[in-house]
Amino acid sequence: MTLPGGSRYNGAAMPNHTHDTRLPAPARRTEGFTESVIREMTRLAHQFDAINLAQGFPDFPAPDALKEAAARAILADINQYAITWGAPALRAAIADKYAAFQRMAVDPEREITVCCGATEAMIAALLAVVNPGEEVVVFEPFYENYGPDTILSGATPRFVPLRPPHWEFDPEELARAFGPHTKAIVLNTPNNPTGKVFSRAELECIAALCQRWNALAVTDEIYEHILYDGAQHISIATLPGMRERTITISGASKTYAATGWRIGYCVAPPALASAIRKVHDFLTVGAPAPLQEAVATAMRFEADYYTELARAYQDRRDLLIGCLEAAGFRCSVPRGAYYVMADISALGFADDRECARWLVEHARVAAVPGSSFYHQADSGRHLVRFAFPKRPATLAEAGRRLASAAAARS
Ligand code: GLN
């Protein structure tokens, strides 16, 4: 999407080549895209030798059992294509995990598609269900990719605000976003970037609108195990009348600290799954075969793995929030996922982009300007997002840098 404000952070970033009109032009559907701001901030973090709290990926190792299973699979020569829609062992493990954690019966033969990350699952799902011109409701702020996803699938997005401090939506505003052209709502709980965990009552409100307008719920639940302060994750598919109209997306990246493996999946009723499987096949053929075997092992970890995961993340959250508040940011405390939206109003910057630029250059801590999570830049100009899937030592060092840069600036 166009970087809010029009200009770019870094002239050395992915260049915006001017098109030579004597040559065939790139497709119009790409015109609104610029490089992802999240990944652009990662490059700036390298350039300034900054701590990268922009892109949400762990700086601690993946579990040994997961890595060993991958090594074993490669040595056992599981190195050719898996079945397009996923290795049988992984689909069986996914079905068993949904049964255990969500009490959701999933048919591994007909309902699961393993993809290259939840990212591919989302675009494959939208391409499989949305006709050009149909509308897709998206809560805002939203994870950057959902913008281009709607454009690529030809959908017209209808944005509905989640308002701080608790990131609630107005049910009437949501109801007004639905109509005869609505094909789907994109949901993300626990939510990136806000840390909101949708409550049962909120999900019931969404479910009622989906049923009233015969729309689908496409729900990205990649942070399903990263929950704080007793928050409960509820899959909207488990609400009455929703299983047959929900596409549930998740993956291994966040739960098993393996974002680079690109193993994600979606669960959908058979007719939708069959369309998603075809799109997925033509997009990527399949996800990495040996890594699918390894993730099948991890998905059978005991329940205490997930308890410990959430506990460790809560410590990281509290550590980062302490550092940010000490440096003058006002934080909205996440109930899930691993990001903090911080209000910069008290810090005297012109906007979020100036703040993010100053942070990476002078504090040498990278964050994401809040406007990149909104379709209109102005809505996010007082916010920046920090990610905290980092070792305590990394977060503490980020805190020291923020404190000394803030002191030097005042
Ligand atoms: N989901 C992560 C984030 O929001 C990673 C994004 C990405 O680079 N794909 O930071």
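Quick look at the values:
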| quantity | calculated |
| --- | --- |
| Residue check for Phe142: within 16 Å of the ligand (Cβ to nearest atom), in a loop (DSSP other than H, G, I, E, B) and not hydroxyl-bearing (Ser, Thr, Tyr) | yes |
| Counted residues, region 185-201 - those being more than 14 Å from the ligand (Cβ to nearest atom) and out of contact with any Leu (no Cβ under 9 Å at 6 or more places or on another chain) | 2 |
| From Asp149, Asp59, residue being open to solvent by less than 60 Å² (accessible area, probe 1.4 Å), in a loop (DSSP other than H, G, I, E, B), in contact with a helix residue (DSSP H, G or I) (Cβ under 7 Å, 6 or more places away or on another chain) and of a type in the set (D, E, K, R) | Asp59 |
| Members of region 36-86 found to be away from the ligand (no atom under 11 Å from the Cβ) and either among the acidic types (Asp, Glu) or on the phi > 0 side of the Ramachandran plot (or both), listed by number | Asp49, Asp59, Asp64, Glu68, Asp77, Gly86 |
| Subset tally (residues that are acidic (Asp, Glu) and open to solvent by 70 Å² or more (accessible area, probe 1.4 Å)) for region 65-120 | 4 |
| Pair list, Cβ < 6 Å and 6+ apart or interchain, from region 361-383 residues that are closer than 14 Å to Pro193 by Cα to residues that are polar (S, T, N, Q) and open to solvent by less than 20 Å² (accessible area, probe 1.4 Å) | Gly380/Ser371 |
| Selection status of Arg300, modelled with pLDDT of 95 or more and touching a strand residue (DSSP E or B) at 6+ places or on another chain (Cβ under 8 Å) | no |
| Conditions (1) more than 16 Å from the ligand (Cβ to nearest atom); (2) of a type in the set (Lys, Arg); (3) modelled with pLDDT of 50 or more; number of the one not met by Arg8 | (3) |
| Per-region count, region 332-346, residues farther than 16 Å from Leu162 by Cα and either of a type in the set (Val, Ile, Thr) or away from the ligand (no atom under 16 Å from the Cβ) (or both) | 3 |
| Restricting region 261-302 to residues that are among the hydrophobic types (A, V, I, L, M, F, W, C) and within 13 Å of Arg110 (Cα to Cα), the residue that is nearest to the ligand (Cβ to nearest atom) | Cys266 |
| Qualifying positions in region 384-410 - within 16 Å of the ligand (Cβ to nearest atom) and closer than 18 Å to Leu44 by Cβ | Val384, Arg385, Phe386, Ala387, Lys390, Thr394, Ala398 |
| Qualifying residue in region 361-372 (condition: part of a helix (DSSP H, G or I), farther than 14 Å from Ala342 by Cβ, more than 25 Å from the chain's Cα centre (by Cα) and not aliphatic (A, V, I, L, M)) | yes |
| Number of the exception - Pro157 against (1) within 16 Å of the ligand (Cβ to nearest atom); (2) more than 26 Å from Glu302 (Cβ to Cβ); (3) touching a Gly at 6+ places or on another chain (Cβ under 8 Å) | (1) |
| Residues located in region 141-162, provided they are among the charged types (D, E, K, R) and modelled with pLDDT under 95 | Glu144, Asp149 |
| Flag for Ala125 being assigned to a helix (DSSP H, G or I) and without any contact (Cβ under 8 Å) to a residue 40 or more places away in the chain | no |
| Region 218-260 - residue that is touching a Gly at 6+ places or on another chain (Cβ under 6 Å) and outside any loop (DSSP other than H, G, I, E, B) and, of those, nearest to the ligand (Cβ to nearest atom) | Gly251 |
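For every residue, the table says whether it meets (1) touching a Pro at 6+ places or on another chain (Cβ under 7 Å); (2) buried (at least 24 other Cβ atoms within 10 Å of the Cβ); (3) touching a residue at least 24 places away in the same chain (Cβ under 8 Å).
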{"site": "Pro165", "(1), (2), (3)": "no, no, yes"}
{"site": "Pro171", "(1), (2), (3)": "no, no, yes"}
{"site": "Ala175", "(1), (2), (3)": "no, no, yes"}
{"site": "His181", "(1), (2), (3)": "no, no, yes"}
{"site": "Asn188", "(1), (2), (3)": "no, yes, yes"}
{"site": "Asn191", "(1), (2), (3)": "no, yes, yes"}
{"site": "Cys205", "(1), (2), (3)": "yes, no, yes"}
{"site": "Leu209", "(1), (2), (3)": "no, no, yes"}
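The values are calculated or read from the model by the stated rules, or taken from the named source; none is laboratory data. Computed from a predicted structure; not experimentally measured. A quick note on method: Cβ atoms are made from the backbone with ideal geometry, for glycine too, and the neighbour counts reach across all protein chains shown. Heads up: the accessible areas ignore ligands, DNA and RNA and are worked out on the full protein's heavy atoms, side chains in. Shrake-Rupley method; radii C 1.70, N 1.55, O 1.52, S 1.80 Å.
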